[in-house]
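Each value in this text was obtained by applying a stated rule to the coordinates, not by laboratory testing. Keep in mind that this is a model prediction, so the values were computed, not measured. Methodologically, a virtual Cβ is constructed for each residue, glycine included, from the backbone with ideal geometry; neighbour enumeration extends over all protein chains shown.
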Amino acid sequence: MWPFVRDGDIIELGAPEEPLLVGSIVLAELADKQFVLHRIIKCKDARLTICGDNCSKPDDRFFKDNILGVVSSIKRNGKKISLGLGFSGHLIAWLNQQKLLLPVTRSLLFFYHTVKQNIS
C-alpha cells in the first residue's frame, strides 16, 4: 500500500460494514490464512476487485466474505493521517482503475526528491 501506508504505520481496523465502498482499504483473506491489505477499486454485486496502491495488477478473486476488516484510521509517528482515506481514497481507486496511479505517484515522488535535494 506504499506510499499511502508505510512500514511502521499503525493501522486501525473496523468491522466490514455494508456497503463496502470503492476507495476503502480492507484487510482480505486469501487461501490458507494469508492476508493482504489492499484498496477496493471496483464492486460488482458480491464480487470485489482490490489492488495494492503499489501493485500493477488488480485482483478480482474476492467476495465480500473475504473481507475481515476496513481501515478506519492510519497513524504515522503518533499522528493520524487522512491521505488515502475518504475522498482521496476514491481518487486513488479511480487512478488505479485507469492504470494511472503508478505513473502519477512515481512522477510526484521523483519531483519531491528532486526539490528536496535542491533545497538541502
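Mean separation of Cα pairs under 8 Å and 6 or more residues apart, divided by the residue count, gives the chain a relative contact order of 28 percent.
Relative to the current alpha-carbon distance between Ser107 and Ser72, full extension at 0.36 nm per residue lengthens the span by 9.8 nm.
Among residues other than Gly89 with Cβ under 13 Å from its Cβ, the summed charge is 0 (Lys and Arg +1, Asp and Glu -1). For Ser73, the shell of other residues with beta-carbons less than 14 Å away shows a net charge of +2, using +1 for Lys and Arg and -1 for Asp and Glu.
Taking 0.36 nm per residue of sequence separation and removing the Cα-Cα distance, the Arg6/Asp65 pair yields an extension gain of 18.6 nm.
Each of [x] -0.68, -1.22; [y] -0.56, -1.19; [z] -0.77, -1.24 is a candidate for log10 I(q)/I(0) by the Debye sum over Cα atoms at q = 0.15, 0.21 Å⁻¹; the one calculated from this structure is [x].
Near Pro58, once Lys and Arg are set to +1 and Asp and Glu to -1 for all other residues with Cβ below 14 Å from its Cβ, the sum equals +4. Does segment 19-69 come out rounded, prolate or oblate, given a ≥ b ≥ c as the square roots of the eigenvalues of its C-alpha gyration tensor, rounded meaning a/c under 1.5 and, failing that, prolate meaning a/b above b/c? Cα axes put segment 19-69 in the rounded bin.
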